[in-house]
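Report on the structure given below.
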Amino acid sequence: MNIHEYQAKALFEKFGVPVPKGAAARSREEFATALAQLPEGATMVKSQIHAGGRGKGTFTNGFKGGVKFCKDKAAALAMAGNMLGETLVTAQTGPAGRRVQTVYFTVASDIKKEYYLAILLDRASSRPVIVASTEGGVEIEKVAHETPEKITKVRVDPAYGLADFQVRDLIAALGLTGAEAKNAAKLIRNLYTCFWETDAAMVEVNPLITTPTGDVLALDAKVSFDDNALFRHPELVALRDLNEEDPKEIEASKYSLSYIALDGNIACLVNGAGLAMSTMDIIKHFGGTPANFLDVGGGASKDQVIAAFKIILGDPNVKGILVNIFGGIMDCNVIAQGIVEAVREVGLKLPLVVRLEGNNVEAGKATLAASGLTLVSGDTMADAAQKIVRLVA
């Protein structure tokens, strides 16, 4: 689950991570109230959407830039009117863009130097890793590719926690000394505590800045949480912005289905994340393009299968459906019954290829055969993939 910058900064403050003073507004009527919370002087106006590249983005009304510097609060008030309610298109949103429904005002900081700092899970070592670089404010992927020596990684033992020597290594790698080093060390420790105690999947500060007075601030903030741990954090679940999520993904979450919309035209309904990934790969291998990742899980019910079909058909780009089920815990006949009821309920007219294998497969195939539905059977995963690709071509 992702949250907005203004929400991430409020979370940072709770854990003692210093950020510039800011206030959010969700309507034009709230602009003045939000700005009244800030001191007079230079002010930043920042569009709040779940996507990066806001500063380089363009609104569909022609206005350029979702992050703007204003010389005073009066200019910030006028600037915010160009953003709220408008659609911002960035490199990460795709051509459809995202509608700006919150604007964030912050005090403009006097920047001495910019850095990069993030904490995420290193799956290779099964440990949190802190990533730091002297090259902040730019695309870290580009830095990693062109100048990897400018990136420092410190892996933290989750049983012991962040050690003092590791903090010193990070400070040295960033070249900080004196008051900056002391303030940065405190920030790093508190940021790690925030990451660990909230079950975050990632916290990213880009840029982390130093000021001429020796302060170290998180100028921007990006935080995402492990969905599997959200049951422990109802206060974080309350921060979820459904306006920023695909309606189909929201509906899928109601039925405990793992769904991610993609840009292809062959929908996939699969049980198990690994099999789902393999199914998408084999569709691509035979020249097709998957429309989604959809994992109904190892023990899906008939109702979940029906819900999955409805979600799939909510995507107008879908031209065909591939059901690929391997029954271990899953009963193939339950899937078959769900398919039959779903197709009858929604009046499916698209090509449908079904491959069943495993637990109670013969009963499942018999259910499909007796249904009278127009569908194509796949003997193997490769056979099923080739058939659906041909049918939508």
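Summary table
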| item | result |
| --- | --- |
| Counting DSSP beta bridges with both ends in the chain, the antiparallel % (nearest 5) | 75 |
| Cα principal axis extents for the stretch 130-182, largest first, Å | 33, 29, 16 |
| Dimensionless Rg/Rh of the stretch 1-145 - Kirkwood Rh, Rg from C-alpha atoms | 0.99 |
| Principal-axis tilt of helix 178-197 within the chain, Cα atoms, nearest 10 degrees | 30 |
| Bridge type composition, the stretch 246-392 - antiparallel percent by DSSP, nearest 5 | 20 |
| Segment I250-A78, length gained on full extension (0.36 nm per residue, minus Cα span) | 58.5 nm |
| Structure-based [θ]222 nm, the chain - -39500 (n - 2.57) summed over DSSP H runs of at least 4, per residue, nearest 500 | -10500 deg cm²/dmol |
| Charge dipole magnitude, Cβ of K and R +1, D and E -1 - the chain, Cα centre, debye nearest 20 | 640 |
| FRET efficiency estimate (nearest 0.05) - Cβ-Cβ, I329 to Q37, R0 51 angstrom | 0.45 |
| Cα coordinate range in the stretch 246-392, projected on the principal axes (Å, largest first) | 34, 33, 30 |
| Per-pair calculated FRET efficiency, R0 = 30 Å: A10 and T213 via Cβ, rounded to 0.05 | 0.80 |
| Positive dipole terminus of the chain, leading residue within I339, P212, S125 (C-beta point charges) | P212 |
| Backbone HN-Hα couplings from phi across the stretch 256-261 [Karplus 6.51/-1.76/1.60, Hz, Gly and Pro as x] | 6, 9, 8, 10, 9, 6 |
| Karplus-derived 3J(HN,Hα), 6.51/-1.76/1.60, for each residue of the stretch 129-145, Hz, glycine and proline x | 10, 9, 10, 9, 8, 6, 9, x, x, 10, 5, 5, 4, 5, 4, 4, 7 |
| Where only C-alpha atoms are counted, convex hull volume of the stretch 340-385 per residue in Å³ | 74 |
| In range of the label at D226: residues from the stretch 144-170 whose backbone nitrogen is under 18 Å from the point 7 Å along Cα→Cβ | 155-162 |
| Mean separation of Cα contacts under 8 Å, 6 or more apart, over the residue count of the chain: relative contact order % | 12 |
| Relative packing of peptides 3-12, 349-358 - highest average C-beta neighbours within 10 Å first | 3-12, 349-358 |
| Percent of alpha-carbon pairs separated by more than 28 Å within the chain | 56 |
| Rg [Å, one decimal], Dmax [Å, integer] - the stretch 1-72, C-alpha atoms | 13.2, 39 |
| Residue among I49, I188, V17 farthest towards the positive dipole end of the chain, charges placed on Cβ | I49 |
| Relative contact order for the stretch 246-392, counting Cα pairs under 8 Å that sit 6 or more residues apart, in percent | 24 |
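Throughout, read-outs are computed from the coordinates displayed, never taken from laboratory work. Quick caveat: nothing in here was measured; it's all calculated off a predicted structure. Cβ coordinates were reconstructed from backbone atoms using ideal geometry, including for glycine residues, and neighbour counts include every protein chain displayed.
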